[in-house]
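Peer 1: Next up is a structure, given as C-alpha cells.
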Amino acid sequence: MKGTLTEKIISRALLSGDPVTDTSLRVRVHQTLTQDSTGTVVYLQMEAMGIDRVKTEKSVAYIDHNTLQTGPENAEDHRFIQSAAARYGITFSKAGNGICHQLHLENFAVPGKILMGSDSHTPTCGGLGMLAVGAGGLDVAEAMAFGAIDLTVPRVIGIRLTGSRKPWVAAKDVILAVLKELTVSGGIGSVLEYSGAGVATLSVTERAAIANMGAEAGATSSVFPSDDNTRLYLKAQQREQDYLALAAEPDACYDRELTIDLDTLEPMIAHPHSPDRVTTVTAAGPLPVQQILIGSCTNASYHDLMKTAAILKDRQVHPGVNLAISPGSASILEMMSRNGALADMIRAGARILECACGPCIGMGQSPAGGSVSLRTFNRNFKGRSGTSDAAVYLCSPETAAVSALTGKLTDPAVFLENLVVPDDTDKYVISRHLFAIPAAPSSTPPALVKGSNIREVPLNAPPENQWRGEVVMKAGDHVTTDDIMPSDASLLPFRSNIPHLSAYCFEALDKDFVRRCRETANGLIVAGRNYGQGSSREHAALVPLYLGVKAVMAQSFARIHRSNLINSGILPLTFLHPEDMASLALSTKVHFLNVREALETGTPIQAQADGREAPILLRFDGSEQEVAWLLAGGKLNWIKENMKGEVS
Ligand code: MIC
Ligand code: SF4
C-alpha cells in the first residue's frame, strides 16, 4: 500500500504498528456513527462496558431505519437512543432529518480522518476523502469507548477512472461496472482507492454513491482523493475550514489495479437477486416495470433528485407504474420544496416518502408478488423488499426516472441527450436544526430511558477444549445477513429484543432451523464462500448465539460478519481441506477434540464427524487479539475482564 491515499490516512491516525510491514495496527478513530436498527444494541453494550463519555472527536446517533411506527417499539427505541446520546456525549439526529450516510457526508465528514459506523454503508463518506469503515455494533462501541481500534491492514485495489461520462451515464453506472468486475466478494479485505483523470469529473455526492456501493463488493472501505470538488462541496455545506487536499503519490503501489473507461461506459443495471449480476440497460431489454423507487443512501442526493425532477417535469408517470421517492435529507427536501422541483415530482405522479431508509430496508412499499421493481438502492437480495418472489433490479436515478415515464426499462439516453442538470452547490440550503448537540459533561449524567421491548444482549461463555456439536444448517455460497436474520417492517421493531427475533432466524432458507437449534446443544452452521455478506447487523451473530450456535464452518467469510461472530464468541472456522465440507450433512454430529489448545497454539482444530474416520481439520485465521476474544467467549467478556478502568 506504499504511497496510497489509504496509507496516508492510516498513517495520520496511527497509534502503533507499521502499515507497510504489519498485519494489524492500532489507529485513532476520530468519528463514529450509529443508526437506530443497530444502535440500540450498541448503547446497551456501552452500558455493559461502564463507559462515562465517548473519546472520539465526533460521534453521531442517527434515527433513519425504523421510522414506520406501527407499535410503541420503534418510538421507544428512539427515545432510548436519544437518552444514550445525551448520557455519553453523542450528537443525536432526529427521525425526519435523513439517512445517516447522506447526513454524515453533508454535516460531519472530514477529509483525512477515520470514521467507523455500525452500518455497512459507512464507506459512503469515502467520497469526501475519509477512511470510513462499516463494522459491527460492538466494534463501534469500542471505538467510542477508547477513541481507537485495531485495524487489519487492508489490501489496496487501485481503480483508475479515465475519460469522462456521457451526460446520461451516472456515478451508479460506474460502481455497477466495478461490481461486475469484482463481484460480491472481490473487495474482501481491501480498500477500493479511486484515482485518474476521471475523478475530477465526479462531484462529491457522485463519488459518495460509488464509495457507498463498494460495500457490495465486500470492501473494507472505498476512498477518493480530496480535491477542488471536495473544497467546493464543503464550502456549499458552510464547512470550508474542514478542507484538506489529499491524494495518492503518483508511484503508489496497489495490490491490484482496475481501469474503468468512462468514455465508453453505458447505463448499467443489476439483475435479481445480487448487486453483481450486472449488464447494460440495453442488454437487459425493454422489461415492463410495475414499481420504481428512487432514494436510499446510494442515490438520494440533491443532484440525484434534481435530475429526477428535471426528467419528470411536465410529464406523467406511466399509469402502470408506482413511483416513490425518498430524499436523503431534510435539507434536500427543503431545497426541492423551495425551488419547485418537489412540485414537478408531485405533478408527474410521484409518491413522496419521508427522508429515511424506508423501502430499502423493507419498511413499507413491498412490491406485488411476481412484479418487477426498479430501484436506485444498493441491495437486491431475495426477499429484502418484503416480497420474496418480486424481481428487484438496481439502476441509476436517470434510468429509474425515464423508465417511470415509459413503463418499461429504458436507456436514459432517450431523454438525456440534451438535458444537463448542474449540481448547484452555490444554492445549497443548510439546516442543522434536527441535530441535538450534547451538553457538557456533568456530575449527574442523564439516565438511560428503556422501554419494555429492550432486553439484555446475550453473552457467550468461554469455549471448552472438547465438546460435541451437531450440524443445524447446511447452506451454499454468499449467504447474506438478510438470510440469517431477516429484516422487514414487522421484525425491525424488535432489534433490541433478541429472544423475539430468534424465532425468525434463517426463516426463508430453512423453516426448521430454529426448531433444530432448540432441540440441540451446540449448533453448527456449515456454509460455502462469503458467508455473512451484506449488512453489519450484529443480530446475525447474536441471534444464533442465543439459539446455541457455537461455530460456523465455511469456505470463507464476509469481513464484518466474521468480526461479529468473533465478538459474540462464535468460532468462524475454515476448512484446511475444502472437500471435507461434503462429509458434514444436516444433523451430522461432530466431536471437537482440541479447540482451546488449537486456538492458543495456532494449530488446526480437529473435529471428528460421525460416519467418517479421519478428523476434519479446521483453522481459525485471525490475530492474537481475536484469539483472546474467542477464548474469553466474546469481546464484551474480554473487555470487561481486561480493560477495567480504561473505559471511563
Ligand atoms: C442494510 O442496508 O442492510 C442496513 C439495514 O442498513 C444494515 C444495517 C442493519 O441491518 O441494521 C447495514 O447495511 O449494515
Ligand atoms: Fe438505509 Fe438502505 Fe442505506 Fe442500509 S442501504 S443504510 S437500509 S438506505
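Peer 1: Which of the residues spanning region 67-103 are small (Gly, Ala, Ser), open to solvent by 10 Å² or more (accessible area, probe 1.4 Å) and in a helix (DSSP H, G or I)?
Peer 2: Those that are small (Gly, Ala, Ser), open to solvent by 10 Å² or more (accessible area, probe 1.4 Å) and in a helix (DSSP H, G or I): ALA75, SER83, ALA86.
Peer 1: Filter region 324-373 down to the residues that are more than 16 Å from ligand 2 (Cβ to nearest atom) and of a type in the set (A, V, I, L, M) and list them by number.
Peer 2: Across region 324-373, the qualifying residues are MET335, MET336, ALA341, LEU342, ALA343, MET345, ILE346, ALA348, ALA350, ILE352, ALA368, VAL372.
Peer 1: Give the number of residues within region 581-601 that are within 21 Å of ALA628 (Cα to Cα) and open to solvent by less than 70 Å² (accessible area, probe 1.4 Å).
Peer 2: So the answer is 7.
Peer 1: Which of the residues that make up region 286-303 are outside any helix (DSSP H, G or I), more than 13 Å from ASN380 (Cβ to Cβ) and open to solvent by 10 Å² or more (accessible area, probe 1.4 Å)?
Peer 2: Selection gives PRO286, LEU287, PRO288, GLN290, CYS297.
Peer 1: Would you call ILE639 touching a helix residue (DSSP H, G or I) at 6+ places or on another chain (Cβ under 9 Å) and over 18 Å from ALA143 (Cβ atoms)?
Peer 2: No; evaluated as a whole, the condition is false for this residue.
Peer 1: Hey, another quick one. Name the single residue, out of those in region 491-501 being away from ligand 2 (no atom under 16 Å from the Cβ) and not aromatic (Phe, Trp, Tyr), that is nearest to ARG379 (Cα to Cα).
Peer 2: Of region 491-501, the ones away from ligand 2 (no atom under 16 Å from the Cβ) are 494, 496-501.
Narrowing further to those that are not aromatic (Phe, Trp, Tyr): 496-501.
Numbers: SER496: 24, ASN497: 25, ILE498: 24, PRO499: 27, HIS500: 25, LEU501: 22 Å.
Per the criteria, the residue is LEU501.
Peer 1: Shifting gears a bit: For residues in region 159-185 being farther than 13 Å from GLY198 by Cβ, over 18 Å from the mean Cα position of the chain (by Cα) and modelled with pLDDT of 95 or more, which is least open to solvent (accessible area, probe 1.4 Å)?
Peer 2: Ranking the candidates gives ALA170 first.
Peer 1: If you don't mind, another one. Output yes when any residue across region 534-552 is buried (at least 24 other Cβ atoms within 10 Å of the Cβ), touching a residue at least 12 places away in the same chain (Cβ under 8 Å) and polar (S, T, N, Q), and no when none is.
Peer 2: yes
Peer 1: Within region 34-48, can one find any residue that is surrounded by fewer than 24 Cβ atoms within 10 Å (Cβ to Cβ) and outside any helix (DSSP H, G or I)?
Peer 2: no
Peer 1: Within region 488-525, take every residue that is small (Gly, Ala, Ser) and in a helix (DSSP H, G or I) and give me the one that is surrounded by the fewest Cβ atoms within 10 Å (Cβ to Cβ).
Peer 2: ALA503
Peer 1: Going by what's in this entry, would VAL20 be described as modelled with pLDDT of 95 or more and either among the hydrophobic types (A, V, I, L, M, F, W, C) or more than 16 Å from ligand 1 (Cβ to nearest atom) (or both)?
Peer 2: no
Peer 1: Taking region 310-360 as the search range and keeping residues that are among the hydrophobic types (A, V, I, L, M, F, W, C) and in contact with a Ser or Thr (Cβ under 6 Å, 6 or more places away or on another chain), which one is most open to solvent (accessible area, probe 1.4 Å)?
Peer 2: Filtering region 310-360 for residues that are among the hydrophobic types (A, V, I, L, M, F, W, C) and in contact with a Ser or Thr (Cβ under 6 Å, 6 or more places away or on another chain), the one most open to solvent (accessible area, probe 1.4 Å) comes out as LEU353.
Table: residues versus (1) in a helix (DSSP H, G or I); (2) in contact with a helix residue (DSSP H, G or I) (Cβ under 7 Å, 6 or more places away or on another chain); (3) aromatic (Phe, Trp, Tyr); (4) more than 25 Å from SER93 (Cβ to Cβ).
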site: LEU305; (1), (2), (3), (4): yes, yes, no, no
site: VAL317; (1), (2), (3), (4): no, yes, no, yes
site: LEU323; (1), (2), (3), (4): no, yes, no, yes
site: MET336; (1), (2), (3), (4): yes, yes, no, no
site: MET345; (1), (2), (3), (4): yes, yes, no, no
site: CYS355; (1), (2), (3), (4): no, yes, no, no
site: PRO359; (1), (2), (3), (4): yes, no, no, no
site: GLY364; (1), (2), (3), (4): no, yes, no, no
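Peer 1: With respect to LEU459, determine if the residue is surrounded by fewer than 23 Cβ atoms within 10 Å (Cβ to Cβ), under 30 Å from GLU47 (Cβ atoms), within 16 Å of ligand 2 (Cβ to nearest atom) and not β-branched (Val, Ile, Thr). Steps first, please.
Peer 2: Details: surrounded by fewer than 23 Cβ atoms within 10 Å (Cβ to Cβ): yes; under 30 Å from GLU47 (Cβ atoms): yes; within 16 Å of ligand 2 (Cβ to nearest atom): no; not β-branched (Val, Ile, Thr): yes.
Judged against the criteria, LEU459 is not a match.
Peer 1: Specify the residue that is most open to solvent (accessible area, probe 1.4 Å); the eligible residues are those in region 553-577 that are touching a Gly at 6+ places or on another chain (Cβ under 6 Å) and under 20 Å from VAL590 (Cα atoms).
Peer 2: Of everything passing the filter in region 553-577, GLN555 is most open to solvent (accessible area, probe 1.4 Å).
Peer 1: With respect to TYR546, determine if the residue is within 16 Å of ligand 1 (Cβ to nearest atom) and at pLDDT 95 or above.
Peer 2: Judged against the criteria, TYR546 is not a match.
Peer 1: Examine region 390-411 for a residue that is out of contact with any Cys (no Cβ under 8 Å at 6 or more places or on another chain), in a loop (DSSP other than H, G, I, E, B), closer than 23 Å to CYS125 by Cα and away from ligand 1 (no atom under 16 Å from the Cβ), and state whether such a residue exists.
Peer 2: Checked region 390-411: at least one residue is out of contact with any Cys (no Cβ under 8 Å at 6 or more places or on another chain), in a loop (DSSP other than H, G, I, E, B), closer than 23 Å to CYS125 by Cα and away from ligand 1 (no atom under 16 Å from the Cβ).
Peer 1: Name the single residue that is nearest to ligand 1 (Cβ to nearest atom) among those in region 337-389 being over 24 Å from the mean Cα position of the chain (by Cα) and of a type in the set (Ser, Thr, Tyr).
Peer 2: Restricting to residues being over 24 Å from the mean Cα position of the chain (by Cα) and of a type in the set (Ser, Thr, Tyr), the top hit is SER371.
Residues checked against (1) more than 15 Å from ligand 1 (Cβ to nearest atom); (2) hydroxyl-bearing (Ser, Thr, Tyr); (3) closer than 30 Å to ILE159 by Cα:
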{"site": "SER24", "(1), (2), (3)": "yes, yes, yes"}
{"site": "TYR43", "(1), (2), (3)": "no, yes, no"}
{"site": "ILE63", "(1), (2), (3)": "no, no, no"}
{"site": "THR67", "(1), (2), (3)": "no, yes, no"}
{"site": "ARG79", "(1), (2), (3)": "yes, no, no"}
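Peer 1: I'd like to verify a number: residues in region 387-433 that are among the small types (Gly, Ala, Ser) and at pLDDT below 95, how many?
Peer 2: Filtering region 387-433 down to residues among the small types (Gly, Ala, Ser) leaves 388, 390-391, 396, 400-401, 403-404, 407, 413, 431.
Cutting the leftovers down to at pLDDT below 95 gives us 388, 413, 431.
Counting residues in region 387-433 that are among the small types (Gly, Ala, Ser) and at pLDDT below 95 gives 3.
Peer 1: Among ALA413, ALA400, ALA404, ALA391, which is the only one that is of a type in the set (Gly, Ala, Ser), in contact with a Leu (Cβ under 9 Å, 6 or more places away or on another chain), surrounded by fewer than 22 Cβ atoms within 10 Å (Cβ to Cβ) and touching a residue at least 60 places away in the same chain (Cβ under 8 Å)?
Peer 2: Values: ALA413 fails: in contact with a Leu (Cβ under 9 Å, 6 or more places away or on another chain); ALA400 fails: surrounded by fewer than 22 Cβ atoms within 10 Å (Cβ to Cβ); ALA404 fails: surrounded by fewer than 22 Cβ atoms within 10 Å (Cβ to Cβ).
On inspection, the qualifying residue turns out to be ALA391.
The values are calculated or read from the model by the stated rules, or taken from the named source; none is laboratory data. Keep in mind it's a predicted model, so treat the numbers as computed, not measured. Every residue, glycine as well, gets a Cβ built from its backbone with ideal geometry; the counts of neighbours run over all protein chains shown. These area figures cover heavy atoms from the full protein model, side chains too; ligands, DNA and RNA do not enter into them. Shrake-Rupley method; radii C 1.70, N 1.55, O 1.52, S 1.80 Å.
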